[in-house]
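Structure first, then comments.
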Amino acid sequence: MPPISRGFRGRRQTEVDPSRLPPGQYATNDFPVLSAGPTPHTPLDEWSFTLGGAVGEAKSWTWEEFVAMPSEVVTRDIHCVTKWSKFDTEWRGVPVDRLLEGTEPWGKYMVAWCDGGYTTNLPLADVVDGKAWVAYEYAGEPLDPEHGGPARLLVPHLYFWKSAKWVRGINLAEQDEPGFWESYGYHNYGDPWKEQRYWSD
Amino acid sequence: MQVETPHAKTLVLDVPDWPGHLPGQHVDVRLTAEDGYQSERSYSIASAPGTTDLELTVERIDDGEVSPWLTEEAQPGDQFELRGPVGGYFVWDASLEGPVLLVAGGSGLVPLMAILRHHENTGSGADLRLLLSARMLEDVLYRSELERYRDVVHLTLTREQPPPEWNGWSRRIDADMLRDVGPGADQHPHVYVCGPTPFVEEAARLLVELGHLPAAVHTERFGPSGG
């Protein structure tokens, strides 16, 4: 039994559907910003996206080619490891499935790499079958650099650090290698519904 | 409990089996109501490693859920759950070589204070400077302690003039100010920036413009929903 914090009642969010809120989270209407370093500003004419690693011949897209691909608009709840959740966020992006079309990846893992040196690792199974996108619009507007623009990975079923900001490529790998936050104490997988926040969870 | 400013208090905690921490890390605080309802938030550790008590400085967020209890309700003897330390990136260790630049906006000073205190306690010879931006003098956390480090502490107030005894300015942070505080990018300092998101965005942008390597600029941001 946890100790009772005498006199604590809290501000219960009665308007929030509890079935949408993972354990330990609270709902917010803000969009807080969390990053480890300065926000990179890569000009779009220098931006490219590369799919490589255990996937055969690498594929690469310029910004124009990337946004010319068929995209999807998806509305999802997102959950940050720092405990806020935000419901019904709307994104436009290219499904990772589409990037993988025509390839026969033999790696079961992937690493997203980003401007600023940030990386995050995921099982390939968590980014296929309509579970992940490379998103470049938020709420109908170009994605703000603070929030990861020009493009970020969107993997809404995992804690939001897995939705790497400023993403520039995906490398498929046969071995699972921890990414940036995963090397600094955060959980390797990060399922918010199992509250997998830290190494010991 | 120690009153720091009209909005912030420092809680001195006795944590059984605390495993120790590095300066810059934070903890997760979980409060439990009588009926089992719980709420969790993260708070930076203010105390240096190796001290017996763990200190958290908490700023009250008016529409927050956890900070009002910690700052207004909690009394000596009260209990709550605490998890940590958390975060292995925004940390400074005395074994790191090279100068240190700390840039704080408001209560973003808290984890940087742990670094300053650790620097002092370890007798580190590293060249350390702190630039603190606050609205008014009464908002400055740890004011009397900071006065002892006036040689290395620079204060800028955005809504009033700092007293003459401080190295100070009365404006928002800018490139000239960062240049004056130093150490310059050519000294390759480890840089730590903490504060509200717009402050951190601006400070980090200026630092990169001044030639600091993005990888050397560690940032920690918080927004109003950090409550």
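Here are some notes:
- In this structure, A:ARG11 and A:SER60 have a Cβ-Cβ separation that, at R0 = 51 Å, corresponds to a calculated FRET efficiency of about 0.55.
- Interface burial in the range A:77-122 reaches 50 Å² or more for A:LYS83, comparing the full protein assembly with the chain by itself; accessible area from heavy atoms with a 1.4 Å probe.
- Only protein heavy atoms count here; under a 1.4 Å probe, B:HIS154 has an accessible surface of about 20 Å².
- Whole-Hz couplings from phi, Karplus 6.51/-1.76/1.60, listed for the range B:26-40; x for Gly and Pro: 10, 10, 9, 9, 10, 9, 10, 7, 4, 8, x, 4, 10, 9, 10
- Inter-label distance for B:THR122 and A:GLU90, nm, one decimal - labels placed 7 Å from Cα along Cα-to-Cβ: 5.0
- Relative contact order [Cα under 8 Å, 6+ residues apart], chain B, whole percent: 20
- Surface accessible to a 1.4 Å probe, per residue, for the residues of the range A:42-194, Å²: 41
- Using only side-chain charges placed at the Cβ, +1 for Lys and Arg and -1 for Asp and Glu, the dipole size of the range B:100-221 relative to its Cα centre rounds to 160 debye.
- Two-site FRET efficiency, B:GLU147 against A:GLU104, from Cβ-Cβ distance with R₀ of 51 Å, rounded to 0.05: 0.15
- Share, in percent, of DSSP beta bridges within the range B:10-164 that are antiparallel, nearest 5: 60
- Computed from phi, the 3J(HN,Hα) profile of the range A:133-141 under the Karplus parametrisation 6.51, -1.76, 1.60 (θ = phi - 60°) reads 9, 9, 9, 10, 9, 10, 6, x, 10 Hz, with x in place of Gly and Pro.
- The apolar share of the surface of chain A, taken as the fraction of accessible area on carbon and sulfur atoms (1.4 Å probe, ligands and nucleic acids excluded), comes to 51 percent.
- Dipole-positive endmost among A:GLY107, A:VAL73, A:PRO18 within chain A (Cβ charges, Cα centre): A:PRO18
- Helix B:197-209 vs. chain B, principal-axis angle (Cα, 0 to 90°, nearest 10): 30
- Per-residue SASA entry for B:SER144, accessible area with 1.4 Å probe, Å² rounded to 10: 90
- When restricted to Cα atoms, the range B:137-185 yields an Rg and a Dmax of 11.0, 32 Å, respectively.
- Loop sites by DSSP among the GluC sites (Glu not before Pro) of chain B, restricted to those with at most 10 other Cβ atoms within 10 angstrom, leave B:1-96 as the longest stretch without any of them.
- When the accessible areas of A alone and B alone are added and the area of the pair subtracted, with a 1.4 Å probe, the result is around 3300 Å², both sides summed.
- Gyration tensor verdict on the range B:158-227 (Cα atoms; rounded if a/c is under 1.5, prolate if a/b is larger than b/c, oblate otherwise): oblate
- Electrostatic dipole magnitude of the protein assembly as shown [Cβ: Lys, Arg +1; Asp, Glu -1; Cα centre; debye, to 20]: 320
- The value of relative contact order for chain A, using C-alpha pairs under 8 Å at least six residues apart, is 22 percent.
- Using only side-chain charges placed at the Cβ, +1 for Lys and Arg and -1 for Asp and Glu, the dipole size of the range B:2-86 relative to its Cα centre rounds to 320 debye.
- Solvent-free Debye calculation, one equal scatterer per alpha-carbon of chain B: log10 I(q)/I(0) at 0.07, 0.10, 0.17 Å⁻¹ equals -0.21, -0.44, -1.26.
- Förster radius 30 Å - calculated FRET efficiency between A:ASN29 and A:GLN175 (Cβ-Cβ, nearest 0.05): 0.15
- Surface accessible to a 1.4 Å probe, B:ASP174 within the full protein complex, Å²: 40
- Debye-formula intensities of the range A:1-152, expressed as log10 I(q)/I(0) at q = 0.08, 0.09, 0.10, 0.17 Å⁻¹, are -0.30, -0.37, -0.45, -1.13 (one equal scatterer per alpha-carbon, no solvent).
- A loss of 50 Å² or more of accessible area (1.4 Å probe, protein heavy atoms, ligands and nucleic acids excluded) relative to the isolated chain is seen in these residues of the range A:1-26: A:PRO2, A:PRO3, A:ILE4, A:SER5, A:ARG6, A:PHE8, A:ARG11, A:ARG12, A:TYR26.
- Helix-only mean residue ellipticity at 222 nm for chain B, each DSSP H run of n ≥ 4 adding -39500 (n - 2.57), per residue, nearest 500: -5000 deg cm²/dmol
- For the range B:93-152 and the range B:21-80, distance of Cα centres in Å: 21
- Trypsin sites (Lys or Arg not before Pro) within the range A:91-144, DSSP loop, no more than 15 other Cβ atoms inside 10 Å: A:LYS108
- 3J(HN,Hα) along the range A:177-192, derived from phi through the Karplus expression 6.51 cos²θ - 1.76 cosθ + 1.60 where θ = phi - 60°, amounts to 10, x, x, 5, 5, 5, 8, 10, x, 8, 4, 5, 9, x, 7, x Hz, with x in place of Gly and Pro.
- Using distinct alpha-carbon pairs, which all enter the 1/r mean, Kirkwood radius of the protein assembly as shown in Å: 22.8
- Given charges at Cβ of Lys, Arg, Asp, Glu: chain A dipole, positive-most of A:LEU44, A:SER200, A:ILE4: A:ILE4
- Accessible surface computed residue by residue for the range B:2-86, with neighbouring protein chains in place and a 1.4 Å probe, gives 45 Å² per residue.
- Measuring gaps between exposed loop sites in chain A (chymotrypsin sites (Phe, Trp or Tyr not before Pro); DSSP loop; at most 15 other Cβ atoms within 10 Å), the longest gap, sites not included, is A:1-105.
- Computed per residue of chain A from DSSP H runs no shorter than four, each worth -39500 (n - 2.57), the mean residue ellipticity at 222 nm is -1500 deg cm²/dmol.
- Its Cα gyration tensor gives the range B:100-221 an equivalent ellipsoid, and the semi-axes of that ellipsoid, as √(5λ) in whole Å with the largest first, are 19, 17, 13.
- With at most 15 neighbouring Cβ atoms within 10 Å, loop GluC sites (Glu not before Pro) (DSSP) excluded, longest segment of chain A: A:102-173
- Residues whose amide H falls under 5 Å from that of A:ALA164, counting only those 5 or more places apart or on a different chain, are A:LEU153, with hydrogens built in the peptide plane.
- Against the main long axis of the alpha-carbon atoms of chain B, helix B:109-121 sits at an angle near 70°.
The values are calculated or read from the model by the stated rules, or taken from the named source; none is laboratory data. Source: prediction; values computed, not measured. Cβ sites come from the backbone with ideal geometry, for glycine too, and all protein chains shown count toward neighbours. For the accessible areas, the whole protein counts, side chains as well, though only heavy atoms, and no ligand, DNA or RNA atoms are used. Shrake-Rupley method; radii C 1.70, N 1.55, O 1.52, S 1.80 Å.
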